[in-house]
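Participant: What follows is a structure written as C-alpha cells; I'll ask about it next.
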Ligand SMILES: Cc1cc2nc3c(=O)[nH]c(=O)nc-3n(C[C@H](O)[C@H](O)[C@H](O)COP(=O)(O)OP(=O)(O)OC[C@H]3O[C@@H](n4cnc5c(N)ncnc54)[C@H](O)[C@@H]3O)c2cc1C
C-alpha cells in the first residue's frame, strides 16, 4: 500500500490527537485534524483545565518514540515524592521510589500540546483545522458535520477513516455507540475539582518545595499542588459535588475563607487570590468512562479519554492515552510487516490489547483517591510502603511496589493491578503484628513471595536526564 494515498481524519488536536498525528505522519500517512478550539499557539486561550499534569515513564516512552523528548525535557519539573501537609502546618515527605530515576514530572498541558502540534505540522503531512467542532458522523456517507465555532457555519467533510481523539465527551464515541454498543458507562465520581494558584516568589522562586507533589489530605476531600516551571504551583481542590462539605455548600466568600481557615490554614498566605480563583474558575466534574467497542468496522475508532476517561488521582490519564497512540501505530506496523493491513483488525486488536488495561488503571485511579486524601496519613499505610520498598530491595525479581509498577515501568496496567492485589495480601499478612519493618519475619516473607508471586517482567526502568 502507498501510505501517501491514505488520509486519516482525527477529531481533536489535544494531547493525544496531536501526538498520534506525529506518529502517523512519521509512517507516511496524511492526517487532517479538526479541532473545536482556536489555535492555542496564536490566541491566549487555556489548554483546558488541569494546567499542569504528571508525566511518567509510560507517557515519556511514546514521546521518545515520536522523537519529541529533546523538546519536552526542558519543560519538565521533577517530583520526587509526596509532601504531606498536616492540619497543624507540619510537613512530611514520602518518596515515590527508592532509585534516583524513580521520579515523575510536572509538565504544562499547553506547552506539551504546542510541542506536539508543531511537530505534527513540521512533518508536512498534517493539517490542523481550528474552530471546527465535529457535531455528528455519518458512517454510510463517510462524512462528518462540522460547526465553525466563530461563524456557526455548518459544513460537511468526507473522510476515509476517522479517529476520535476528542476527549471525555467524545462526539465520535457517541456516533459509534449510536450504531453499535456493548458497554457505554459514564460513571460520575460524585466529587468535583477547582483550580487555584500559588504564585511564585521573587525571581521565580518556589514558595514550597519545588520537587514534590504537595497534598493536604483531609479525609473526605483534599488539596494538591503541582509545581510549574515559573515557580508557581497549580493547586487543585477535590471535594464532593454536594452534601455536607461540598462545592454546593461552600458558595460564599465567607464560607470559602472559613473552610480554608479551618482545614488548610497554612495555604492562606500562599493563595493571595483564593476567593477570586474560587469563584472565577469553573468547577470541573469527575467521571470514569468505560465503553465497548472502540471502533465501528474499519471506519471509525476512539482512543484516549474518548475511549476511557479516568479520574485523575493516579496521574495516568494522559500517560495511558499516549500508550494507546503508540499501541495503535505499532499494530499498524506489525500488520504492514506481514503485508496485511486490515483496519478493522487493527482497531479491534488495539481495543483488545488496551481495554483490560484502561479498565485496570480506571479502577486503580479511584482507589488512589482514597489513598491520597486519607491513607497517606495512616501509620499502617506508611509501614506497608516502607515494607514494600524493603521487599523490593530483598526480592527485586519478584516484588515491585504497585505505585512503582504503574508510574516507573511499562508493565501492562492489568498486570500491575493483579500483582498489586497479591502483594497487598502479602504485605497485610506480614505487618499483622508489626509496628516497624524490623519486626517483620523475612523468612515468612520469602515463603509467601515464592508461593504467591511469579518472577516479574518489568520493562527496564528508564532514566530521563533533565
Ligand atoms: C483535573 C485533572 C487532572 C489531571 N491530571 C493528570 C495527570 O497528572 N497526569 C495524566 O497523565 N493525566 C491527567 N489528567 C487526564 C488528562 O488530562 C487526560 O487523560 C488527557 O488530556 C487525555 O487526552 P485526550 O487528547 O484524549 O483528551 P483531551 O486532552 O481532552 O483533548 C481532546 C481535544 O479534542 C477537542 N474536542 C473535543 N470535542 C471535540 C469535537 N466535538 N470536535 C472537535 N474537537 C473536539 C478538545 O478541544 C481537545 O483539544 C487529568 C485530568 C484532569 C481533569
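Participant: Only counting other Cβ atoms within 10 Å, I'd like 221, 413 sorted with the fewest neighbours first.
Facilitator: Taking fewest neighbouring Cβ atoms as first place, the list is 221, 413.
Participant: May I ask you to sort 328, 453, 432, 15 by Cβ crowding, counting other Cβ atoms within 10 Å and putting the fewest first?
Facilitator: Ordered by Cβ neighbours within 10 Å, fewest first: 432, 453, 328, 15.
Participant: If you don't mind, there's one more thing I want to ask. Expressed as a rounded percentage, what relative contact order does region 234-374 have, with Cα pairs under 8 Å and six or more residues apart?
Facilitator: Once divided by the residue count of region 234-374, the mean separation gives 20 percent.
Participant: Still on this structure, please answer the following. Translational diffusion coefficient of the chain at 10 °C, 1.306 mPa s, Stokes-Einstein with Kirkwood Rh over Cα pairs, in µm²/s as a whole number.
Facilitator: The diffusion coefficient I find is 68 µm²/s.
Participant: Can you pull the one-decimal nm distance between simple spin-label points at residue 394 and residue 143, each 7 Å off the Cα toward Cβ?
Facilitator: 6.9
Participant: Can I ask one more? Please report, in cubic angstrom per residue, the volume enclosed by the convex hull of the alpha-carbon atoms of region 277-435.
Facilitator: 143
Participant: Roughly what % of DSSP beta bridges within the chain run antiparallel, to the nearest 5?
Facilitator: Antiparallel bridges make up about 75 percent of those DSSP assigns within the chain.
Participant: Follow-up question, since we're still on this one. What spacing in nm lies between the two simple spin-label points modelled at residue 375 and residue 181, each 7 Å away from Cα in the Cβ direction?
Facilitator: Inter-label distance under the simple model: 3.3 nm.
Participant: Fewest Cβ neighbours within 10 Å first, please rank 338, 375, 358 accordingly.
Facilitator: Going from sparsest to densest Cβ surroundings: 338, 375, 358.
Participant: Return one quarter of the surface area of the convex hull spanned by the alpha-carbon atoms of region 69-201, equal to its mean projected area, in nm².
Facilitator: Over all viewing directions, region 69-201 projects a mean Cα-hull area of 14.6 nm².
Participant: Let me ask you something else. Between residue 27 and residue 356, what is the FRET efficiency for a Förster distance of 22 Å, r being their Cβ-Cβ separation, to the nearest 0.05?
Facilitator: 0.25
Participant: Given the DSSP H assignment, sum -39500 (n - 2.57) over each helix run of at least 4 residues in the chain and divide by its residue total; what's the result at 222 nm in deg cm²/dmol, nearest 500?
Facilitator: -11500 deg cm²/dmol
Participant: Continuing with the same structure: On a 0 to 90° scale, report how tilted helix 317-337 is relative to the longest principal axis of the chain, with both axes built from alpha carbons and the result rounded to the nearest 10.
Facilitator: 50
Participant: Over the residues of region 201-290, compute the C-alpha Rg and express it relative to 2.2 N^0.38 Å.
Facilitator: That works out to 1.15 for region 201-290.
Participant: Report, in cubic angstrom per residue, the convex hull volume of the C-alpha atoms of region 1-150.
Facilitator: Hull volume normalised by residue count: 170 Å³.
Participant: Cα centroid distance between region 161-216 and region 401-457, in Å?
Facilitator: Region 161-216 and region 401-457 have Cα centres spaced 30 Å from each other.
Participant: Dividing the Cα convex hull volume of region 36-112 by residue count, how many Å³ per residue is that?
Facilitator: 143
Participant: Right, here's the next one. Given a cut-off of under 8 Å on Cα pairs at least six residues apart, what relative contact order in percent is computed for the chain?
Facilitator: 18
Participant: Once fully extended, how much extra length lies between residue 71 and residue 273, figured as 0.36 nm per residue of separation less the alpha-carbon to alpha-carbon distance?
Facilitator: 69.5 nm
Participant: Report the extension gain between residue 98 and residue 436 in nm, rounded to one decimal, defined as 0.36 nm multiplied by the number of residues separating them, less their alpha carbon distance.
Facilitator: The residue 98-residue 436 span can extend by a further 119.9 nm.
Participant: In nm, to one decimal, how far is the residue 152 label point from the residue 335 one, both placed 7 Å along Cα→Cβ?
Facilitator: 4.2
Participant: So what is the relative contact order for region 31-181, in percent, with contacts set as C-alpha pairs under 8 Å and at least six apart?
Facilitator: Relative contact order here is 26 percent.
Participant: Using alpha carbons only, how many degrees (0 to 90, rounded to 10) separate the axis of helix 442-452 from the longest principal axis of the chain?
Facilitator: 30
Participant: Angle, helix 343-373 long axis vs. longest principal axis of the chain, Cα atoms, 0 to 90°, nearest 10?
Facilitator: Here the helix axis deviates by roughly 30 degrees.
Laboratory data are not the source of any read-out in this text; all were calculated from the coordinates shown. These numbers were taken from a predicted model, which means no experiment stands behind them. So basically every Cβ, Gly included, is an ideal-geometry build from the backbone, and we count neighbours across all protein chains shown.
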